[in-house]
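See structure below.
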Amino acid sequence: MSVTRNLKVEFGGGLEILFNDQRQLKITLSADGRNPNVRDLIKKLADEHIQERKELFVEGETVRPGILVLINDCDWELRDELDGELEDGDLVVFISTLHGG
Amino acid sequence: MPETSKPSEPSEPPIVDQISQLRHRLRELEMELELEQGNDEETESVNGLSLSEYKRYGRHMVLNGIGLPGQRKLKSASVLVIGAGGLGCPAVQYLTATGVGHITIVDGDTVEVSNLQRQILHSDAKIGMHKALSIKEASSHINPNVTIEPVLQAFTTQNAQAILESSQPDVVLDCTDNPSTRYLISDAVVIHNRTSKRATLVSAAATGYNGQIITLCYNDQAPCYRCIIPRPPPVQSITSCADDGILGVVTGTLGTLQATECIKLILGLHNGESAMTVYSALASTPFRTMRMRSRKHDCYADGDQAFDKKLKSVQDIDYLAFTGAQTCGTDLQLSDDNEISVEDFMALRKASDLIIDTRPPVEFGICHLDGSDNIPITNLLKDTLERQPDLEDVRRTTYVVCRRGNDSQIATDVLLKKKYTNVKNVKGGLARYSRVDKKFPLY
């Protein structure tokens, strides 16, 4: 039986360029026999929503260094990173760290 | 009637003259009084502040949480500001106005005209002057009670610990513009804090319409920069103000927020939580603050591992290599047949030749070579395998230009793979071109 979650995803720090300049996406995420997690979300975004330069978003099954992942305004490290299970209505924000000044 | 021919009045000068003389005398007396009072205000100290300082800082001294003790804390505080640019200028401007007593400013750069749209303590007349000196001068006009110590060098592995040692800062503001220096500053602060009075680090950055700020190292459980970003981002993802642009008010906003964090820390008004604030000027909710992790227990700089397993000196690290920054600039090693100098390009180009400009459309709109076509590098890369050009195109002499000659190398490579037979990368790009053709804008 598949478990489905409706999520809000946002991009910041210039990452929106990789997603056709969309700052926000609504994503429906499913997994078989378990709760969908952040790993599933990253894979879905990389597979279905980036046309070019995927390496600027993913590295293996996780995000590339320098991208912060925030779930409901909390650092994902406080919620099990890749294994963090997602709830209906969760807001997941991906932000590229900046260096200019 | 001219005054000279007026019949002379022996007793009194005309009333108008009398008034004028009295006004003059009044002004003299007022100035004398001001001078006397002024001197008193400057020298007369009451509980550690001069009388004029009470007047100057009154508007914020009346705030709950500040008062006289708060102002004295500000006056005796030391702040180290690294970077005298887009973030450093507004930060120092407010710290000076607020009466932070000692500010050390580290920057080896001099003022350039392209800095002035955002580095607001510098000005036209100061082009060529050291930025740290320019800030010292500007600050002295804002508030002469503040001591500004300029350091006219970049912050490096060689001087990092010595600068921290001599300034003994309560707060360090990272106002720099590249990942290498950001890791260096964080590491140096972590090392400094092992043996000296704790310095808190406030790190901010801005590019385009976006900015970020985070407060680090404020207590034993607080994260450092490495805890938050353990591995540096890949070089191709790093953007700079020079290449990707920056709106002046965005650095202004972030630098002002750095000053705010700094003042809160000095006053003891900081809540002591790790949070990162992200600013996106164009988003419907421009500010977002997020709760961040604590110190990472396996962090190379401030983790829990045994002392001999962790970072001991910033001189042990090659920060440019660590962040990959020394590979900056593209060199695809194109063959000589596929490269041409700006001078040869200008001499040899014919009207029938194709000129492809790979910059984004907004930059093409600022200025471009007559007869050039705009095919942004992102479109070229997207099209790599999709569409083949027609035969007539591939045989034409094709010149590729961009802003500085980096993307145009990649584009040349792509076009060669698309079977273009005669493609030439114009070396150094339009930046180089504008040095030969003096009427072409350099931006």
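The values are calculated or read from the model by the stated rules, or taken from the named source; none is laboratory data. This is a predicted model, so every value here is computed, not measured. FYI the Cβ positions are ideal-geometry reconstructions off the backbone, even for glycines, and counts take in every protein chain you see.
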In this structure, does B:Arg56 turn out to be over 30 Å from B:Gln212 (Cα atoms) and under 30 Å from the mean Cα position of the chain (by Cα)?
yes
Filter the range B:338-376 down to the residues that are charged (D, E, K, R) and in contact with a strand residue (DSSP E or B) (Cβ under 8 Å, 6 or more places away or on another chain), then identify the one that is surrounded by the fewest Cβ atoms within 10 Å (Cβ to Cβ).
B:Asp373
What are the residues in the range A:48-64 that are among the acidic types (Asp, Glu) and facing chain B (nearest Cβ under 7 Å), if any?
A:Glu52
Restricting the range B:258-306 to residues that are part of a loop (DSSP other than H, G, I, E, B) and within 21 Å of the chain's Cα centre (by Cα), which is nearest to the other protein chains (Cβ to nearest Cβ)?
B:Leu282
Looking at the range A:83-90, is at least one residue in a loop (DSSP other than H, G, I, E, B), surrounded by 18 or more Cβ atoms within 10 Å (Cβ to Cβ), within 12 Å of chain B (Cβ to nearest Cβ) and touching a Pro at 6+ places or on another chain (Cβ under 6 Å)?
no
Any residue in the range B:165-184 that's within 14 Å of chain A (Cβ to nearest Cβ): show its pairings with residues that are surrounded by 24 or more Cβ atoms within 10 Å (Cβ to Cβ) and hydroxyl-bearing (Ser, Thr, Tyr) at Cβ separation under 7 Å, as long as the two are six or more apart or on different chains.
B:Asp174/B:Ser203; B:Pro179/B:Thr323; B:Ser180/B:Thr323; B:Arg182/B:Thr176; B:Arg182/B:Ser203; B:Arg182/B:Tyr225; B:Tyr183/B:Tyr225; B:Tyr183/B:Thr323
Considering only the range A:5-15, I want to know if a residue exists there that is more than 10 Å from chain B (Cβ to nearest Cβ), in a helix (DSSP H, G or I) and buried (at least 16 other Cβ atoms within 10 Å of the Cβ).
no
Mind checking which residues of the range B:111-155 are more than 17 Å from the chain's Cα centre (by Cα) and in a strand (DSSP E or B)?
B:Thr147, B:Ile148, B:Glu149
Going through the range B:201-252 in order, the residues found to be in a strand (DSSP E or B) and within 11 Å of chain A (Cβ to nearest Cβ) are B:Ser203, B:Ala204, B:Ala205, B:Ala206, B:Thr207, B:Gly208, B:Asn210, B:Gly211, B:Gln212, B:Ile213, B:Ile214, B:Ile246
Restricting attention to the range B:430-440, does a residue exist that is of a type in the set (Phe, Trp, Tyr), in a helix (DSSP H, G or I) and at pLDDT 90 or above?
yes
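Tell me which residues, restricted to the range B:173-193, are among the β-branched types (Val, Ile, Thr) and not in a loop (DSSP other than H, G, I, E, B).
Initially, the range B:173-193 is screened for residues among the β-branched types (Val, Ile, Thr), giving B:176, B:181, B:185, B:189-191.
Correct list: B:Thr181, B:Ile185, B:Val189, B:Val190, B:Ile191.
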Against the condition among the charged types (D, E, K, R) and surrounded by fewer than 24 Cβ atoms within 10 Å (Cβ to Cβ), how does B:Arg182 come out, does it pass?
no
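Yes or no, residue by residue, for (1) of a type in the set (Val, Ile, Thr); (2) crowded, with 20+ Cβ neighbours inside 10 Å; (3) under 12 Å from B:Ala84 (Cβ atoms):
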position	(1), (2), (3)
B:Ile127	yes, no, no
B:Ala154	no, no, yes
B:Glu165	no, no, no
B:Gln168	no, no, no
B:Asn178	no, yes, no
B:Asp187	no, yes, no
Tally of residues being at the interface with another protein chain (Cβ under 10 Å from one of its Cβ atoms) and assigned to a helix (DSSP H, G or I) across the range A:65-80
3
Report, by residue number, each residue of the range B:57-93 that is small (Gly, Ala, Ser), part of a loop (DSSP other than H, G, I, E, B) and within 17 Å of B:Asp107 (Cβ to Cβ).
B:Gly83, B:Ala84, B:Gly85, B:Gly86
